[in-house]
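J.: Below is one structure. I have some questions about it.
The values are calculated or read from the model by the stated rules, or taken from the named source; none is laboratory data. Since the model is a prediction, treat every value here as computed from it, not as a measurement. Quick reminder, even Gly has a Cβ in these numbers, built from the backbone with ideal geometry, and neighbours come from all protein chains shown. Just the protein is used for accessible areas: all its heavy atoms, side chains included, with ligands, DNA and RNA removed. Shrake-Rupley method; radii C 1.70, N 1.55, O 1.52, S 1.80 Å.
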Amino acid sequence: MEEEEEEGDTFEDAVCTKTPARVNTPLSVITEAFENLADLLKPDISTDEDGLSLDAFCSACTHVSILFSCLGFAFKFAEMEYISKVKDLVEASKTLDTLQNILDLDVEKETVKTPGSRSRNLRRVRQGLDLIRAIFEQFLMTDEYSLKHAATTAYTEVCAPFHTWAVRTAVYAGMYTLPTRDQLLLRLNETDQSVEKNMRRYMEASQPIIEYIDKLYIERNIKLDW
């Protein structure tokens with residue numbers, strides 16, 4: 001009888017000390033995907049000599065569209081453009097191995113800046129990643145965590161210079177429909193503490209990816225002002 005009680009105590013102790021399972025939120029999934037992608041660029045990691053895997057890049061990028069969706073109508077155009085460009089790159093990954101292959105092929109055909117070219121689509125996806133990074137950066141810089149201010153500032157810096165007047169006007173008008181800070185946290189299933197941690201993780205992980213893509217263009221004497 002004493003042995004049964006002792007076994008029971010051991011079982012209860014095991015239950016009480018069990019570590020709770022980690023909850024994967026949309027933002028944490030995105031962050032982890034880009035951290036894994038950024039790891040491939042580290043010097044001590046063995047990668048293909050031709051550059052960053054296009055398949056791995058597309059896999060990480062497909063998760064980001066939900067962030068545009070959470071921002072609502074204001075970024076509907078950005079969401080639609082981003083999704084369409086990523087889909088094209090996914091299709092390209094069936095025949096091309098790396099991001100470098102995309103640019104080299106378009107350079108050879110002299111179609112880098114041609115509408116619909118994959119080099120142009122890669123450039124637009126890169127802008128989408130940078131827009132999210134800039135929104136997070138601005139969001140965390142203000143004490144009030146104002147999403148409207150953060151999104152307006154980020155869009156003006158990252159995307160507005162490359163959009164037509166009509167698109168810019170629609171985006172700025174839509175800023176008034178952005179969710180509140182609390183609504184955004186609810187949509188992302190985050191808390192005040194977790195959202196700051198995950199936003200900073202994404203900012204840190206996405207930066208080397210963005211810089212890597214820019215470098216691919218610069219190395220081929222392609223300016224970034226488009």
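J.: Being at pLDDT 95 or above, open to solvent by 20 Å² or more (accessible area, probe 1.4 Å) and more than 23 Å from His163 (Cβ to Cβ): is that true of Glu49 here?
T.: no
J.: Continuing with the same structure: Condition first: in contact with a His (Cβ under 7 Å, 6 or more places away or on another chain) and either β-branched (Val, Ile, Thr) or open to solvent by 70 Å² or more (accessible area, probe 1.4 Å) (or both). Can you find one or more residues in the stretch 139-158 that meet it?
T.: Yes.
J.: Residue by residue through the stretch 66-95, note down the ones that are surrounded by 17 or more Cβ atoms within 10 Å (Cβ to Cβ), hydroxyl-bearing (Ser, Thr, Tyr) and farther than 21 Å from Lys215 by Cβ.
T.: Tyr82
J.: Any idea which of (1) in contact (Cβ under 8 Å) with a residue 40 or more places away in the chain; (2) open to solvent by 20 Å² or more (accessible area, probe 1.4 Å); (3) in contact with a strand residue (DSSP E or B) (Cβ under 9 Å, 6 or more places away or on another chain) is the one Thr98 doesn't satisfy?
T.: So Thr98 meets the others, but not (2).
J.: Give the stretch 134-159 a look and list any residue that's at pLDDT 90 or above and either under 18 Å from Lys85 (Cα atoms) or assigned to a loop (DSSP other than H, G, I, E, B) (or both), or say none.
T.: Hits for the stretch 134-159 are Val158, Cys159.
J.: Next up: Name every residue in the stretch 183-198 that is touching a residue at least 40 places away in the same chain (Cβ under 8 Å) and not in a helix (DSSP H, G or I), in order of residue number.
T.: Selection gives Asn189, Glu190.
J.: Just wondering, is there one or more residues in the stretch 166-180 that are in contact (Cβ under 8 Å) with a residue 12 or more places away in the chain, among the basic types (Lys, Arg) and either open to solvent by 40 Å² or more (accessible area, probe 1.4 Å) or within 25 Å of Ala60 (Cα to Cα) (or both)?
T.: Checked the stretch 166-180: no residue is in contact (Cβ under 8 Å) with a residue 12 or more places away in the chain, among the basic types (Lys, Arg) and either open to solvent by 40 Å² or more (accessible area, probe 1.4 Å) or within 25 Å of Ala60 (Cα to Cα) (or both).
J.: Quick one: which of Thr177, Thr156 is of a type outside the set (A, V, I, L, M, F, W, C) and over 19 Å from Ile66 (Cβ atoms)?
T.: Thr156
J.: A further question follows. Among the listed residues Arg201, Arg168, identify the single one that is in a helix (DSSP H, G or I) and either modelled with pLDDT under 95 or at positive phi (or both).
T.: Arg168 is the lone residue from the list that is in a helix (DSSP H, G or I) and either modelled with pLDDT under 95 or at positive phi (or both).
J.: Quick one: would you say Phe162 is touching a residue at least 40 places away in the same chain (Cβ under 8 Å), under 16 Å from the mean Cα position of the chain (by Cα) and closer than 22 Å to Ile209 by Cα?
T.: For Phe162, the condition - touching a residue at least 40 places away in the same chain (Cβ under 8 Å), under 16 Å from the mean Cα position of the chain (by Cα) and closer than 22 Å to Ile209 by Cα - is not met.
J.: Could I ask something else about it? Of a type in the set (D, E, K, R), under 24 Å from Leu185 (Cα atoms) and buried (at least 16 other Cβ atoms within 10 Å of the Cβ): is that true of Arg126 in this structure?
T.: No.
J.: Please determine, by comparing only the residues of the stretch 103-123 that are in contact (Cβ under 8 Å) with a residue 60 or more places away in the chain and assigned to a loop (DSSP other than H, G, I, E, B), which one is surrounded by the fewest Cβ atoms within 10 Å (Cβ to Cβ).
T.: Selected residue: Lys113.
J.: Taking Lys87 as the residue in question, decide whether it is within 28 Å of Thr156 (Cβ to Cβ), modelled with pLDDT of 95 or more and not hydrophobic (A, V, I, L, M, F, W, C).
T.: Spelling it out, Lys87 is indeed within 28 Å of Thr156 (Cβ to Cβ), modelled with pLDDT of 95 or more and not hydrophobic (A, V, I, L, M, F, W, C).
Conditions (1) open to solvent by less than 40 Å² (accessible area, probe 1.4 Å); (2) modelled with pLDDT under 90; (3) in contact with a helix residue (DSSP H, G or I) (Cβ under 7 Å, 6 or more places away or on another chain); (4) under 16 Å from Val29 (Cα atoms), marked per residue:
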{"position": "Arg187", "(1), (2), (3), (4)": "no, no, yes, yes"}
{"position": "Glu190", "(1), (2), (3), (4)": "yes, no, yes, yes"}
{"position": "Ser194", "(1), (2), (3), (4)": "yes, no, no, yes"}
{"position": "Ala205", "(1), (2), (3), (4)": "yes, no, yes, yes"}
{"position": "Glu211", "(1), (2), (3), (4)": "no, no, no, no"}
{"position": "Lys215", "(1), (2), (3), (4)": "no, no, no, no"}
{"position": "Ile218", "(1), (2), (3), (4)": "no, no, no, no"}
{"position": "Asp225", "(1), (2), (3), (4)": "no, yes, no, no"}
